[in-house]
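The values are calculated or read from the model by the stated rules, or taken from the named source; none is laboratory data. Keep in mind that this is a model prediction, so the values were computed, not measured. Every residue, glycine as well, gets a Cβ built from its backbone with ideal geometry; the counts of neighbours run over all protein chains shown. These accessible areas exclude ligands, DNA and RNA; they are computed on the full protein's heavy atoms, side chains included. Shrake-Rupley method; radii C 1.70, N 1.55, O 1.52, S 1.80 Å.
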Amino acid sequence: MALEVLVFRSLFRNTSLELREGPKVSYQWEKWLWLAALAFHWSFFIIFVRHFRFFLEPVPAFLHGLERADGFLQLGLPGIYLSDLLFLVAVTYLFIRRVIIPRIKYISLPADYFPLFVLLGMAVSGILMRYFIKVDITKVKELAINLVTFQPAVPEGIGVIFYIHLFLVCTLF
């Protein structure tokens, strides 16, 4: 059960059946789907845990360690988190796969696309906040702690992009 939960063992063994010229049947291993699912779920988990720093005071040491391990690729300020890039690439792959492969496109419903769009919006708004449109992190942390302690007070000057990100997170949950 642990292998199924942690590394998607059944998806790893997934194969696709395809009819070739004549009566030939060929099987292909769906390794890209497995890799994208693994990258998506683990990077989403790391991002989720990394966001606990907004709700905890003082921030535990394991969160600082997780941030250092995730942001080891220091190309500038702020440092680039590997999980952000993996999450964005994995969600984009899962969306493109759903649009391009005819069999999957045929069985896809609008309800299958909606979570992908919400996840893409969350990723893009989060990346915009972190790297391009600066948001006052101290005010965000103040708002988060106020919400967790059931003393809602909205600080001034957080920025619209944060509220868009928060809306998308709430929509997903």
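One line per residue, one yes/no per condition, for (1) under 12 Å from the mean Cα position of the chain (by Cα); (2) more than 30 Å from E30 (Cα to Cα):
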site	(1), (2)
P58	no, yes
A61	no, yes
H64	no, yes
A69	no, no
Q74	no, yes
L77	no, yes
A90	yes, no
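Look at F150 and say whether it is at pLDDT 90 or above and open to solvent by 60 Å² or more (accessible area, probe 1.4 Å).
Details: at pLDDT 90 or above: yes; open to solvent by 60 Å² or more (accessible area, probe 1.4 Å): yes.
In short, yes.
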### Task
Mind listing whichever residues of segment 129-145 are outside any loop (DSSP other than H, G, I, E, B) and buried (at least 16 other Cβ atoms within 10 Å of the Cβ)?
M129, R130, K139, V140, K141, E142, L143, A144
#### Entry: Failed item in (1) in a loop (DSSP other than H, G, I, E, B); (2) in contact (Cβ under 8 Å) with a residue 12 or more places away in the chain, with L56 passing the rest
(2)
### Task
Enumerate the pairs (first residue in segment 146-173 and of a type in the set (D, E, K, R) and outside any loop (DSSP other than H, G, I, E, B); second residue anywhere and open to solvent by 70 Å² or more (accessible area, probe 1.4 Å) and modelled with pLDDT of 90 or more) with beta-carbon separation below 7 Å, excluding pairs fewer than 6 apart on the same chain, so at least 6 apart or on different chains.
none
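Being farther than 24 Å from L147 by Cβ, modelled with pLDDT under 90, hydrophobic (A, V, I, L, M, F, W, C) and open to solvent by 40 Å² or more (accessible area, probe 1.4 Å) narrows it down to one of F95, F72, F117, so name that one. Before you say what the answer is, go through the steps one by one.
Working: F95 fails: modelled with pLDDT under 90; F117 fails: modelled with pLDDT under 90.
Sole residue among the options that is farther than 24 Å from L147 by Cβ, modelled with pLDDT under 90, hydrophobic (A, V, I, L, M, F, W, C) and open to solvent by 40 Å² or more (accessible area, probe 1.4 Å): F72.
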